[in-house]
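Student: Starting off with a structure, shown below.
Bear in mind that the values in this text are calculations on the coordinates, not laboratory data. A quick note: this is a predicted structure, and the numbers were derived from the prediction, not measured. Positions of Cβ are generated from backbone atoms using ideal geometry, with glycine treated the same way; all protein chains shown enter the neighbour counts.
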Amino acid sequence: MIPVHRLTHPEQPIWINCDLIATIEATPDTVVSLTSAAKLLVIETPDEVVDLVCDWKARVLARALANPEESRLSLVPRAEEPHAGD
């Protein structure tokens with residue numbers, strides 16, 4: 001999730017899932033279109049939004065690389081414990 005600021009309420013961040021961003025346009029205000037067809041007018045420039053997305057994805061990757069065993073295990077479903085008497 002990345003923080004952006006609506007044009008109408010710049011003092012309050014709104015956190016958006018960057019995986020849901022479809023397009024970012026400067027018209028001249030920045031319009032972030034989501035895959036849900038929702039549109040947000042934000043004070044950040046398109047380049048700033050892209051930088052926020054890149055930073056967020058880099059943090060996710062760095063966290064996974066810092067502890068690869070834990071990251072790998074979190075993707076594998078746990079096997080059920082054998083029942084007594086099995």
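Student: Is one or more of the residues making up region 18-36 in contact (Cβ under 8 Å) with a residue 40 or more places away in the chain and hydrophobic (A, V, I, L, M, F, W, C)?
Tutor: No: region 18-36 contains no residue that is in contact (Cβ under 8 Å) with a residue 40 or more places away in the chain and hydrophobic (A, V, I, L, M, F, W, C).
Student: Ok, one more. How many of the residues in region 7-56 are of a type in the set (Gly, Ala, Ser) and surrounded by 12 or more Cβ atoms within 10 Å (Cβ to Cβ)?
Tutor: The number of residues fulfilling the criteria is 2.
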